[in-house]
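Here's the structure we're looking at; comments come further down.
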Amino acid sequence: YILDEPSIGLHSRDTDRLIKVLRQLQQLGNTVVVVEHDEEIIRAADYIIDIGPRAGRLGGEVVYEGDMKDLHPGSNSYTVRYLLGEEKIPLPHSHRPWNNYIAIKGARENNLRGIDVKFPLNVMTVVTGVSGSGKSTLVRDIFYRALKRQYSEGTERPGEFIALEGDIKAVKDIEFVDQNPIGKSSRSNPVTYIKAYDEIRKLFADQPLAKQMGYTAGYFSFNTDGGRCEECKGEGTVTVEMQFMADLVLECESCHGKRFKKEVLEVKFHDLNIYDILNMTVDQAIEFFTTHKQTKIAKKLLPLQSVGLGYIKLGQSSSTLSGGENQRVKLAYFLSIEKSSPTIFIFDEPTTGLHFHDIKKLLEAFEALINRGHTIVIIEHNMDVIKCADYVIDLGPEGGNKGGSLVVAGTPEEVAACAASYTGQFLKEKLLEDGENIEPHP
């Protein structure tokens with residue numbers, strides 16, 4: 001049996017149950033192979049194979065394989081270093097204090113039981129609870145939609161609640177950062193989304209040959225006529241529709257997948273044409289543009305690197321990015337625009353498909369947004385994120401019709417001390433591992 005990230009969207013309590021089922025499968029004489037980042041599942045394994053050491057062109061090697069019970073310190077594997085505690089996601093020294101908040105009174109959509117919840121401003125709040133406890137209903141359907149209507153454009157009708165109270169005027173906008181693809185067309189890619197491509201096109205239009213031929217920056221775009229290959233309209237591929245079978249996607253015969261006309265590809269900057277640039281990874285491009293004194297472009301690309309996406313190619317089609325990668329490209333965009341008006345950013349399970357090492361980078365990016373005066377609200381099950389929150393809202397106690405109540409809200413330590421909270425029980429173990437003392441909750 002091969003399972004690909006079965007823990008996605010599961011609370012630690014449910015992950016525990018999943019591990020028992022996988023173990024039963026194995027005890028019946030089956031072989032179980034799991035592709036996974038979840039610490040509990042990795043620790044429950046008999047044997048681990050770790051691929052790395054990094055991502056993209058810096059990965060692809062087996063950096064560790066061996067029995068889970070016999071891990072060797074000092075390896076090249078990030079996974080093993082985190083499992084042995086040689087590297088860890090540190091606990092914050094203290095939680096940020098807060099005075100301002102926005103409160104939802106009487107939230108009663110789906111299974112929510114008329115609960116009152118405060119969302120503090122200018123800190124990191126995590127909303128958690130077992131699967132089906134009402135997290136998305138509270139955060140997306142009520143909190144997000146009600147405030148979106150308040151601040152800007154109309155959105156879908158919010159779920160049922162009685163009132164919105166608190167410092168609503170202290171915030172200017174709210175953004176829901178989900179895992180949907182970053183662009184509508186297959187031509188959209190990370191570098192166009194974070195607006196770094198405009199600068200790259202200008203740079204190519206400034207080259208002597210481009211000026212001589214009269215190529216403007218528009219010639220280096222694959223979204224407009226001019227420089228793009230007319231055969232495939234800048235896609236690099238041609239789709240052949242097969243009536244009753246799956247469509248065939250073939251490399252364009254005219255440009256051989258290079259997306260631009262031959263004469264446009266003759267324009268070079270330090271021996272590289274526009275296709276070569278789009279084929280670079282973010283890390284390579286930052287190095288290349290810094291070396292050749294194009295600091296403006298390198299600076300525009302830095303946010304992608306800081307959210308842990310240094311391995312993706314600049315021109316990689318958005319359709320080949322995973323949900324978690326799409327979400328991090330959006331996060332990079334918000335980091336890059338340096339929005340000054342206070343905004344609430346909502347992230348829905350941002351750690352999906354992320355390794356411990358990437359979670360560490362993600363938390364640093366959240367920190368950067370909070371330092372600029374923004375507010376972060378995260379729907380999450382991951383204990384490493386929950387332990388770093390300033391405020392935790394735990395819904396439950398169960399899922400479905402046994403959920404929808406506010407179990408406990410407070411600092412991670414207060415939640416860990418609450419005996420009625422499933423999240424608290426697992427969080428307590430996590431905090432004790434990190435050397436925290438937990439006082440029982442009155």
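The values are calculated or read from the model by the stated rules, or taken from the named source; none is laboratory data. Only a predicted model underlies this, so the values are computations on that prediction, with no experimental measurement involved. Reconstructed Cβ throughout: ideal geometry from the backbone, glycine too, with neighbour counts over all protein chains shown.
Return yes when residue 111 is touching a His at 6+ places or on another chain (Cβ under 8 Å) and assigned to a loop (DSSP other than H, G, I, E, B) and no when it is not. Show your work before the answer.
Working: touching a His at 6+ places or on another chain (Cβ under 8 Å): no; assigned to a loop (DSSP other than H, G, I, E, B): yes.
No.
Let's see how each residue does on (1) modelled with pLDDT under 90; (2) under 16 Å from residue 193 (Cα atoms):
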site	(1), (2)
234	yes, no
239	yes, no
252	no, no
304	no, yes
310	no, yes
317	yes, yes
327	no, yes
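Among the residues of the range 72-84 satisfying the criterion of being in a loop (DSSP other than H, G, I, E, B) and touching a residue at least 24 places away in the same chain (Cβ under 8 Å), which is farthest from the chain's Cα centre (by Cα)?
Here the answer is 76.
Tell me, yes or no, whether the range 336-354 has at least one residue that is at pLDDT 90 or above and among the acidic types (Asp, Glu).
yes
Going through the range 237-281 one residue at a time, which ones are of a type in the set (A, V, I, L, M, F, W, C), part of a strand (DSSP E or B), touching a strand residue (DSSP E or B) at 6+ places or on another chain (Cβ under 8 Å) and within 23 Å of residue 292 (Cβ to Cβ)? Explain how you work it out, then say what you get.
Kept after step one, since they are of a type in the set (A, V, I, L, M, F, W, C), are these residues of the range 237-281: 238, 240, 242, 244-246, 248-250, 252, 255, 260, 264-265, 267, 269, 272, 274, 277-278, 280.
Cutting the leftovers down to part of a strand (DSSP E or B) gives us 238, 240, 248-250, 260, 269, 272.
When the remaining residues are screened for being touching a strand residue (DSSP E or B) at 6+ places or on another chain (Cβ under 8 Å), the result is 238, 240, 248-250, 260.
Matches in the range 237-281: 260 only.
Take residue 335 and decide whether it is surrounded by fewer than 23 Cβ atoms within 10 Å (Cβ to Cβ), out of contact with any Gly (no Cβ under 9 Å at 6 or more places or on another chain) and outside the structural domain of residue 286 (by TED's automatic domain parsing). Steps first, answer last, please.
Numbers: surrounded by fewer than 23 Cβ atoms within 10 Å (Cβ to Cβ): yes; out of contact with any Gly (no Cβ under 9 Å at 6 or more places or on another chain): yes; outside the structural domain of residue 286 (by TED's automatic domain parsing): yes.
Yes: the conditions hold for residue 335.
Suppose the filter is modelled with pLDDT of 90 or more and within 21 Å of the chain's Cα centre (by Cα); does residue 35 pass it? Break it down into steps so the answer makes sense when it comes.
Working: modelled with pLDDT of 90 or more: yes; within 21 Å of the chain's Cα centre (by Cα): yes.
For residue 35, the condition - modelled with pLDDT of 90 or more and within 21 Å of the chain's Cα centre (by Cα) - is met.
Name the pairs whose Cβ atoms lie under 8 Å apart, with the first residue in the range 100-128 and free of Cβ contacts under 8 Å to residues at least 60 places away in the same chain, the second surrounded by 24 or more Cβ atoms within 10 Å (Cβ to Cβ) and in a strand (DSSP E or B), and 6 or more positions between them or separate chains?
114/107
Could you please let me know if residue 306 is within 13 Å of the chain's Cα centre (by Cα), closer than 30 Å to residue 176 by Cα and surrounded by fewer than 17 Cβ atoms within 10 Å (Cβ to Cβ)? So that I can check it myself, show each step before the final result.
Values: within 13 Å of the chain's Cα centre (by Cα): yes; closer than 30 Å to residue 176 by Cα: yes; surrounded by fewer than 17 Cβ atoms within 10 Å (Cβ to Cβ): no.
No: the conditions fail for residue 306.
Go through the range 400-419 and give me each residue that's closer than 18 Å to residue 435 by Cα, among the small types (Gly, Ala, Ser) and not in a loop (DSSP other than H, G, I, E, B).
Scanning the range 400-419 gives a single hit, 416.
Going through the range 284-304 one residue at a time, which ones are part of a helix (DSSP H, G or I) and more than 21 Å from residue 334 (Cβ to Cβ)?
284, 287, 288, 289, 290, 291, 295
Among the listed residues 106, 132, which satisfies the condition of being outside any helix (DSSP H, G or I), in the same structural domain as residue 410 (by TED's automatic domain parsing) and modelled with pLDDT under 95?
Answer to the selection: 132.
I'm trying to understand the selection: among the residues of the range 123-136, which are in contact with a strand residue (DSSP E or B) (Cβ under 8 Å, 6 or more places away or on another chain) and either among the hydrophobic types (A, V, I, L, M, F, W, C) or surrounded by fewer than 23 Cβ atoms within 10 Å (Cβ to Cβ) (or both)?
Hits for the range 123-136 are 123, 124, 126, 127, 130, 136.
Say we look at the range 54-71 and pick out the residues that are part of a loop (DSSP other than H, G, I, E, B) and at pLDDT 90 or above; which of these is farthest from residue 391 (Cα to Cα)? Even if it seems obvious, please write down each step before you answer.
Looking only at the range 54-71, we keep the residues that are part of a loop (DSSP other than H, G, I, E, B), and these are 54-55, 59-60, 71.
Retained after the next criterion (residues that are at pLDDT 90 or above): 60, 71.
On the way: 60: 38, 71: 35 Å.
Taking the candidates together, the pick is 60.
Answer yes or no as to whether residue 22 is assigned to a helix (DSSP H, G or I), surrounded by 15 or more Cβ atoms within 10 Å (Cβ to Cβ) and among the hydrophobic types (A, V, I, L, M, F, W, C). First the steps, then the outcome.
On the way: assigned to a helix (DSSP H, G or I): yes; surrounded by 15 or more Cβ atoms within 10 Å (Cβ to Cβ): yes; among the hydrophobic types (A, V, I, L, M, F, W, C): yes.
Yes.
Looking at the range 276-287, I want the residues that are touching a residue at least 12 places away in the same chain (Cβ under 8 Å) and have a partner that is in a helix (DSSP H, G or I) and crowded, with 21+ Cβ neighbours inside 10 Å with Cβ atoms under 6 Å, at least 6 apart or on another chain. Which pairs are those?
These pairs meet every condition: 282/301; 282/304; 285/301; 286/301.
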